[in-house]
1. Those residues that are more than 19 Å from residue 94 (Cβ to Cβ) and surrounded by fewer than 16 Cβ atoms within 10 Å (Cβ to Cβ), I need them from segment 104-119; list them, please.
2. Could you say which residue among 55, 88, 48, 79 is under 18 Å from residue 151 (Cα atoms) and either in contact with a helix residue (DSSP H, G or I) (Cβ under 8 Å, 6 or more places away or on another chain) or surrounded by fewer than 12 Cβ atoms within 10 Å (Cβ to Cβ) (or both)?
3. Criterion first (within 15 Å of residue 26 (Cα to Cα), surrounded by fewer than 17 Cβ atoms within 10 Å (Cβ to Cβ) and either in contact (Cβ under 8 Å) with a residue 40 or more places away in the chain or touching a strand residue (DSSP E or B) at 6+ places or on another chain (Cβ under 6 Å) (or both)) does residue 122 satisfy it?
4. Would you mind finding the one in 152, 68 that is in contact (Cβ under 8 Å) with a residue 12 or more places away in the chain, closer than 21 Å to residue 37 by Cα, buried (at least 20 other Cβ atoms within 10 Å of the Cβ) and in contact with a strand residue (DSSP E or B) (Cβ under 9 Å, 6 or more places away or on another chain)?
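Where a number appears in this text, it was derived from the coordinates with a stated rule and is not lab data. Note that the coordinates shown come from a computational prediction; the quantities given were computed from them, not determined experimentally. Counting neighbours? That spans all protein chains shown, and the Cβs are built from the backbone with ideal geometry, glycine included.
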């Protein structure tokens, strides 16, 4: 019995906890509003909670290009200036359809938005809202993302 437990620990349980984090890319979309800087939040498709546009890396695109593509698909972001370096990173557990939590490290790229399209790939699947950074920090769940928003 002990050998079976040791084998289960070494081959199943331990690797499960030590698996590397997957990487995603996020778009921190900002604009200058009437009352100052604003951040674009969208709802997630699964739970409807407030998030920033994000997704898995796209073959052939670097981090800022992937962030811009995700911002277009999920929020209709157009006419932008994308910063080359990430403004920060945050970690979270992505819950898959089977209930398994996958650890994710997300690189955040700032995108200055000049225009939002009315028609874009996920228009009927998400809500979008411009809010001040302090309010955005209260609406998102991830503490490290909250810190990035408060630093704006």
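1. Within segment 104-119, 112, 114, 115, 117, 118, 119 meet the criteria.
2. On the way: 55 fails: under 18 Å from residue 151 (Cα atoms); 48 fails: under 18 Å from residue 151 (Cα atoms); 79 fails: under 18 Å from residue 151 (Cα atoms).
From the options 55, 88, 48, 79, the qualifying one is 88.
3. Details: within 15 Å of residue 26 (Cα to Cα): no; surrounded by fewer than 17 Cβ atoms within 10 Å (Cβ to Cβ): yes; either in contact (Cβ under 8 Å) with a residue 40 or more places away in the chain or touching a strand residue (DSSP E or B) at 6+ places or on another chain (Cβ under 6 Å) (or both): yes.
No, not satisfied.
4. Values: 152 fails: buried (at least 20 other Cβ atoms within 10 Å of the Cβ).
Residue meeting the stated conditions: 68.
Quick grid of which residues meet (1) in contact (Cβ under 8 Å) with a residue 24 or more places away in the chain; (2) more than 17 Å from residue 117 (Cα to Cα):
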{"site": "39", "(1), (2)": "yes, no"}
{"site": "60", "(1), (2)": "no, yes"}
{"site": "64", "(1), (2)": "yes, yes"}
{"site": "75", "(1), (2)": "yes, no"}
{"site": "83", "(1), (2)": "yes, yes"}
